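All remarks here apply to the structure that follows.
Just so it is clear, none of the values below were taken in a lab; they were calculated from the coordinates. Keep in mind it's a predicted model, so treat the numbers as computed, not measured. Note: ideal-geometry Cβ built from the backbone for every residue, glycine included; neighbour counts use all protein chains shown.
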Amino acid sequence: MAMVKVYSINECPWCEKVKNYLKSQQVAFEEHNIEENEADREACYRLSRDLIVPVTTVDGKNFVVSFDKEKLDALLGL
Amino acid sequence: MNIYDFFVKTNQGKEKSLADYKGKVLLIVNTASQCGFTPQFKDLQGLYDKYREEGLEILGFPCNQFAGQEPGSDAEVQQFCRFNYGVTFPIFAKGDVRGVNAQPLFQYLTREKGFQGFDKDHPLSEILTNALKENFPEYLKGDSIKWNFTKFLVDRNGHVVERFEPTGSMERVEKRIVECLEKK
């Protein structure tokens with residue numbers, strides 16, 4: 001599986017929930033903070049057509065917005 | 001002392017003088033954080049889009065003192081956050097708007113325009129009052145800011161002309177903004 005990317009902002013309780021969930025499932029991921037990094041912000045926007053976080057993606061095409069356990073499980077094959 | 005004497009902190013940490021806004025009609029709003037249930041941001045952006053060219057400026061001051069969720073919104077808990085609140089008007093640094101550490105600007109605004117009660121005809125008023133009685137009873141005392149999205153309208157000469165509680169209708173806010181914009 002390609003590296004899981006999580007788009008986030010600072011002080012985002014829902015982003016924390018996603019990250020903690022991935023950790024609990026032993027899923028490695030890269031965090032991309034769209035508040036601090038413009039390139040990440042653009043990538044997030046290109047992917048989801050909005051600037052809402054958390055956004056989780058594996059292939060850079062399919063993604064899950066928000067902390068949605070069911071959808072995350074489906075996306076990650078958990 | 002008037003509104004143009006105050007300095008505020010931008011979200012980049014820089015000092016900004018409110019005197020930079022002389023001649024503009026200002027709507028100063030204490031806002032929820034980026035992760036609350038915040039349909040009011042959309043309404044405020046709507047006003048900004050409509051009247052910015054005529055001289056309206058909206059200044060948002062995020063604050064963590066009023067919990068994350070809008071009372072009465074337990075139906076759909078929003079499980080995401082929006083970057084920059086989804087708005088294009090200035091959002092300043094997070095800070096207190098009530099209590100002992102309230103920023104000087106908000107101490108001034110609440111002195112100029114006190115609390116007149118929540119709007120009786122708004123469905124949220126009763127829910128909000130009960131939520132406050134239960135969770136933050138001290139917030140109901142005095143003229144302090146009671147909840148997110150309290151708004152202060154300042155005319156082009158820096159006079160604080162009105163205060164709207166979060167229960168105030170946006171139609172009335174808009175009407176008063178237009179009245180201020182038309183006075184030159």
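What are the membrane-span-like helices in chain B by this rule: whole DSSP H runs, Cα extent along the axis at least 15 Å, mean Kyte-Doolittle hydropathy at least -0.5? Kindly include the intermediate steps, with their values, before the conclusion.
Numbers: long enough: B:39-51 (19 Å, -1.23); B:123-135 (19 Å, -0.25); B:170-182 (18 Å, -0.45).
The answer, listed by residue number, is B:123-135, B:170-182.
State the antiparallel share, in %, of DSSP beta bridges confined to chain B, rounding to the nearest 5. Provide the component values of the computation, followed by the final result.
Details: 12 of 20 bridges.
Around 60 percent antiparallel, to the nearest 5.
Using only Cα atoms, locate the centre of segment B:2-32 and the centre of segment A:3-78, then give the distance between them in Å, rounded to an integer.
For segment B:2-32 versus segment A:3-78, the Cα centre distance is 34 Å.
How big is the Cα convex hull of the protein assembly as shown in projection, averaged over all directions, in nm²?
Details: hull surface 61.6 nm².
If you wrap the Cα atoms of the protein assembly as shown in a convex hull and average its projections, you get 15.4 nm².
Run the numbers for residue B:126 and residue B:107: contour at 0.36 nm per residue of separation, minus the present Cα-Cα distance, in nm. Kindly include the intermediate steps, with their values, before the conclusion.
On the way: separation 19, 0.36 × 19 = 6.84 nm, distance 2.60 nm.
Going from the current span to full extension adds 4.2 nm.
Too long at a 27 Å Cα-Cα cut-off: which of B:94/B:183; B:42/B:146; B:42/B:94? Provide the component values of the computation, followed by the final result.
Values: B:94/B:183 32 Å; B:42/B:146 21 Å; B:42/B:94 20 Å.
Long pairs (Cα-Cα over 27 Å): B:94/B:183.
Can you compute the charge dipole magnitude of segment A:4-76 about its Cα centre, using +1 on each Lys and Arg Cβ and -1 on each Asp and Glu Cβ, nothing else charged? Give it in debye, rounded to the nearest 20. Numbers along the way, then the final one.
Numbers: 10 positive and 14 negative charges, 57 e Å.
The calculated dipole for segment A:4-76 is roughly 280 debye.
Would you work out which of A:76, B:28, A:15 lies farthest towards the positive end of the dipole of the protein assembly as shown, given +1 charges on the beta-carbon of Lys and Arg and -1 on that of Asp and Glu, about the Cα centre?
B:28
Could you estimate the translational diffusion coefficient of chain A from the Stokes-Einstein equation, with Rh from the Kirkwood formula over C-alpha pairs, at 20 °C and 1.002 mPa s, in whole µm²/s?
Numbers: Rh = 12.2 Å.
Rounded to a whole number, D works out at 176 µm²/s.
Do the sum for the protein assembly as shown: with -39,500 (n - 2.57) for every DSSP H run of n ≥ 4, divided by all residues, what is the mean residue ellipticity at 222 nm, to the nearest 500 deg cm²/dmol?
Values: 7 runs with 79 residues, N = 262.
Computed ellipticity for the protein assembly as shown at 222 nm equals -9000 deg cm²/dmol.
For segment B:76-182, count all C-alpha to C-alpha pairs, find those more than 24 Å apart, and express that count as a whole percent of the total. Please report the intermediate quantities before stating the final value.
Working: 1856 of 5671 pairs.
Of the Cα pairs, 33 percent sit more than 24 Å apart.
For chain B, treating each Cα as an identical point scatterer without solvent, what Debye log10 I(q)/I(0) comes out at q = 0.16 1/Å?
Here the Debye-derived log intensity ratios amount to -1.01.
If r is the Cβ-Cβ distance from residue B:116 to residue B:19 and R0 is 30 Å, what FRET efficiency results, to the nearest 0.05?
Numbers: r = 29 Å, r/R0 = 0.95.
After rounding to 0.05, the efficiency reads 0.55.
For the protein assembly as shown, what is the percent of antiparallel DSSP beta bridges, rounded to the nearest 5?
Close to 60 percent.
Enter the angle in degrees (range 0 to 90, nearest 10) between the Cα long axis of helix A:38-48 and the first principal axis of the Cα atoms of chain A, meaning the one along which they spread out most.
60
Could you tell me which trypsin sites (Lys or Arg not before Pro) in chain A are loop residues by DSSP with no more than 13 other beta carbons within 10 angstrom of their beta carbon?
On the way: sites: A:5, A:17, A:19, A:23, A:41, A:46, A:49, A:61, A:69, A:71; in loops: A:49, A:61.
Hits after loop and neighbour filter: A:49, A:61.
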